[in-house]
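Contents: one structure, followed by commentary.
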Amino acid sequence: MPRHRQPTLKRALVHPDANPPVRPTVRPPARPTVRPPDRLPSGFTLIEILVVITVIAILAGLVSPMIFRNVGDAKVTAARSQIETFGLALDTYYLHNDYYPSTAQGLAALVVQPTGAEAPRNWRGPYLKRAVPVDPWGTPYHYESPGAVNATSYDLVSYGRDGRPGGTGEDADLTSWEAAPR
């Protein structure tokens with residue numbers, strides 16, 4: 001009797017005639033078959049650009065007057081503030097010397113001690129920390145002592161944006177003797 005070999009466990013599980021297991025194949029997803037258009041958009045049209053420019057121009061026309069009005073108001077406020085600062089310095093000068101600087105000495109007498117015949121007796125300056133500034137429009141302040149309006153003290157004036165006496169709005173004169181409108 002011929003001897004049969006004992007099947008191994010491996011062989012026992014797989015029949016020799018059996019087909020090997022089939023693995024599912026993974027396919028990439030199908031590409032859409034959309035045909036590209038003849039001409040791709042490459043930028044903005046002229047109409048779109050003109051619409052955007054028009055909107056920007058309208059906004060600038062509405063906003064810029066408000067901004068520039070505030071700049072003018074700020075310059076008027078700065079000039080009034082400087083006139084008040086000069087007034088305090090001139091009053092301190094007066095307390096020390098019993099008179100205000102002459103018109104010839106001008107506002108420079110608040111920074112540098114005047115010399116000559118009209119030299120102050122008890123100058124304790126400088127009465128301003130820095131040199132005398134010009135008004136916010138770039139013109140010097142007009143100082144006169146004794147003043148035409150204030151005969152016992154001084155007149156200090158900024159002639160505004162136009163640099164000439166008189167005017168309205170931002171061109172109006174700013175004086176040391178008139179209170180700021182509230």
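Read the figures in this text as sums done on the coordinates, not as results from a lab. Just so it is clear, the structure is predicted and the values come from calculations on it, not from any experiment. In this analysis, Cβ positions are derived from the backbone assuming ideal geometry, glycine residues included, and neighbour counts consider all displayed protein chains.
Gain on full extension, evaluated as 0.36 nm per residue between T139 and T45 minus their Cα-Cα distance, stands at 28.8 nm.
Which of V134, V26 has the fewest other C-beta atoms within 10 Å, and how do the rest follow up to the most?
Fewest to most other Cβ atoms nearby, the residues stand as V26, V134.
Note down the Stokes-Einstein diffusion coefficient of the stretch 52-175 in µm²/s, whole number, using a Kirkwood radius over alpha carbon pairs, 25 °C, and 0.890 mPa s. D = 150 µm²/s.
Please work out the Cα center distance from the stretch 75-104 to the stretch 128-152, rounded to the nearest Å. Value for the Cα centre distance between the two parts: 7 Å.
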